Amino acid sequence: MTASRLDELESRIGHVFTDRALVERALTHSSLSSGRRGRDLERLEFLGDRVLGLLAAEALCRRHPEMEEGDLAPRLNALVRKETCAKAALALGLDALVRLSSHEEAAGGRRKQAILGDVCEAFLGALYVDGGLDAARAAFDLYWTRNLDSLSQDHRDPKTALQEWSQERKLGTPDYVVISSGGPAHAPDFQVEARVGGYAPVRGEGKSKREAQMAAAEAFLVREKLWTDDV
């Protein structure tokens with residue numbers, strides 16, 4: 001991570017970090033920290049996920065004062081899901097700043113949705129800790145607020161999209177089978193297989209069963225050219 005690139009990012013969002021160690025941690029993937037507590041982005045990601053949820057809910061309520069909770073909820077999910085966060089990370093230029101192990105770098109980590117999504121949430125968490133909700137909101141406005149309508153209209157998640165596609169073809173409800181689970185308690189890893197009758201299964205991975213199921217469903221849809229994984 002170069003100082004000039006961070007300076008440029010700070011200029012774009014209008015916030016200069018008082019504690020640059022915070023943003024460095026937010027941009028350090030667990031592959032580089034070797035499991036040392038407090039050295040990578042995971043705690044800040046946890047916080048940033050909640051900050052993003054609050055900002056997204058606030059933006060939707062302001063934009064759609066007439067909507068009931070049932071209509072707002074799926075739109076909120078569309079704004080905070082990993083795919084959206086990954087696209088926001090690219091829009092903010094976080095992909096160029098994230099710190100990865102050489103192995104993860106070689107594996108294309110800077111383009112992986114899971115990594116970019118985590119980095120984006122951690123960055124929002126770091127902004128919140130360093131500058132409060134207004135600092136986080138400035139970054140939120142750069143991507144989410146500008147694209148609020150288009151992002152929230154695409155409110156089907158991959159599992160829902162795959163289920164609708166499968167049921168329309170009378171193939172039944174997709175099955176999700178846990179293939180493996182492991183990793184340390186603070187960073188579990190799951191591999192899940194999405195299975196639809198008559199089609200080869202597809203695997204996805206994530207830090208929870210639900211996240212792995214979403215990844216598997218998306219991989220299935222991408223393979224069948226029903227979804228794009230471009231970030």
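Go through Ala136, Ala187, Ala217, Ala126 for me and flag whichever is buried (at least 16 other Cβ atoms within 10 Å of the Cβ), hydrophobic (A, V, I, L, M, F, W, C), under 17 Å from the mean Cα position of the chain (by Cα) and not assigned by TED's automatic domain parsing to the domain that holds Glu24.
Ala217
What are the residues in region 74-118 that are in contact with a strand residue (DSSP E or B) (Cβ under 9 Å, 6 or more places away or on another chain) and part of a helix (DSSP H, G or I), if any?
The answer is Lys82, Ala114.
Testing Gln113 on (1) more than 12 Å from the chain's Cα centre (by Cα); (2) surrounded by fewer than 22 Cβ atoms within 10 Å (Cβ to Cβ), one condition comes back false. Which one is that?
(1)
Output the qualifying pairs, or none if there are none: Cβ atoms under 8 angstrom, residues six or more apart or on different chains, first residue in region 1-29 and farther than 18 Å from Tyr128 by Cα, second residue among the basic types (Lys, Arg).
What qualifies is Met1/Arg99; His29/Arg99.
List every residue pair whose Cβ atoms lie under 6 Å apart, where the two residues are 6 or more positions apart in sequence or sit on different chains, the first residue falls within region 166-185 and is farther than 19 Å from Lys225 by Cα, and the second residue, located anywhere, is charged (D, E, K, R) and surrounded by 11 or more Cβ atoms within 10 Å (Cβ to Cβ).
Going by the 6 Å Cβ cut-off, the qualifying pairs are Asp175/Arg195; Val177/Glu193; Ile179/Glu193; Gly182/Asp189; Gly183/Asp189.
In region 136-167, what residues are hydrophobic (A, V, I, L, M, F, W, C) and either out of contact with any Pro (no Cβ under 8 Å at 6 or more places or on another chain) or under 16 Å from Leu52 (Cα atoms) (or both)?
Ala136, Ala138, Ala139, Phe140, Leu142, Trp144, Leu148, Leu151, Ala161, Trp165
The values are calculated or read from the model by the stated rules, or taken from the named source; none is laboratory data. Source: prediction; values computed, not measured. Positions of Cβ are generated from backbone atoms using ideal geometry, with glycine treated the same way; all protein chains shown enter the neighbour counts.
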